[in-house]
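The values are calculated or read from the model by the stated rules, or taken from the named source; none is laboratory data. Remember, predicted model here, so these are calculated numbers, not experimental data. Glycine also receives a Cβ, built like all others from the backbone with ideal geometry; neighbour counts cover every protein chain displayed. Quick note on the areas: whole protein, heavy atoms, side chains included, nothing else; ligands and nucleic acids left out. Shrake-Rupley method; radii C 1.70, N 1.55, O 1.52, S 1.80 Å.
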Amino acid sequence: MPNPTLLVIAHGSRDPRHAATVHALVREVRRRRPDLRVATGFLDFNLPSVPAVLESLAADGVRDVVAQPLLLSRAFHAKADIPAVLSRAPSRLRVRQADVLGPSPLLSAALRRRLYEAGLTPADKPTTGVVLASAGSTDPEAIAVIADIAREWRHTGWCAVRPAFASARTPRTEDAVRELRELGCRRVAVARYVLAPGFLPDRIARGSAEADVLADVLGPAPEVARLLSERYETARRPVSAALGA
């Protein structure tokens, strides 16, 4: 029996960098998993749309799909938008929705990778304050994830760590940068807890003007591609196996 097709579902954006980054990540997943058929669909702005991809897969004889949201937390899109779209899939398709990507130690590893690629080294940690900047959300569960990651990072050797948000919540990135300066951190770095470029990641970048280091978005980091594969494997297993029965 063939492996279920992996359908990667991205939000989409008017910014062409967003789709380009999504496609780069999907290429990395394909490189790591040549045994899988991997398709990409977008909720908005970009093509192909998720419904169009589902129709195309069904017409091509696919019967089993694992839908992987390219989302870092279980906010509105994961809880409402994506289940609604998947519920309208062709009846001959069996579609299972995988869990969102975050939180995960692999995402923390990808964040560290991006900080080190931006010029930091592990030796810099005691003198460097980190702003963990995310897009922001009105969903308390999503906000709690960012707060938890920041709290964990405070115990891993950084001078200090503060969460920040580009929308919906405060503090903003620039305020968190300023606070770390006032705390006496010799260096301030901004880690962007976002997957792809776009309007809100650009807002984070503008808020980082007074920081010393601005890390790139997570994008096609190897850890993110590995995480997609892990979420896929969990979703494809029978419920009894996933529960350890």
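A few remarks follow.
- Residue match in the range 79-99 (condition: in a loop (DSSP other than H, G, I, E, B), of a type outside the set (Gly, Ala, Ser), closer than 25 Å to Leu25 by Cα and under 12 Å from the mean Cα position of the chain (by Cα)): yes
- Qualifying residue in the range 203-214 (condition: polar (S, T, N, Q), assigned to a loop (DSSP other than H, G, I, E, B) and open to solvent by 70 Å² or more (accessible area, probe 1.4 Å)): no
- Residues in the range 136-172 that are modelled with pLDDT under 95, open to solvent by less than 50 Å² (accessible area, probe 1.4 Å), among the aliphatic types (A, V, I, L, M) and over 20 Å from Arg113 (Cβ atoms): Ala142, Ile143, Ala144, Ala147.
- Restricting the first member to the range 174-186 and to residues that are within 8 Å of Gly207 (Cβ to Cβ), and the second to residues that are of a type in the set (S, T, N, Q), the beta-carbon pairs closer than 9 Å and six or more apart or on different chains are Glu174/Ser208; Val177/Ser208.
- Options Ala59, Ala67, Ala75, Ala84; residue that is open to solvent by 70 Å² or more (accessible area, probe 1.4 Å), over 18 Å from Glu223 (Cβ atoms) and among the small types (Gly, Ala, Ser): Ala59
- Any hit, the range 117-127, residues being open to solvent by less than 70 Å² (accessible area, probe 1.4 Å) and under 14 Å from the mean Cα position of the chain (by Cα): no
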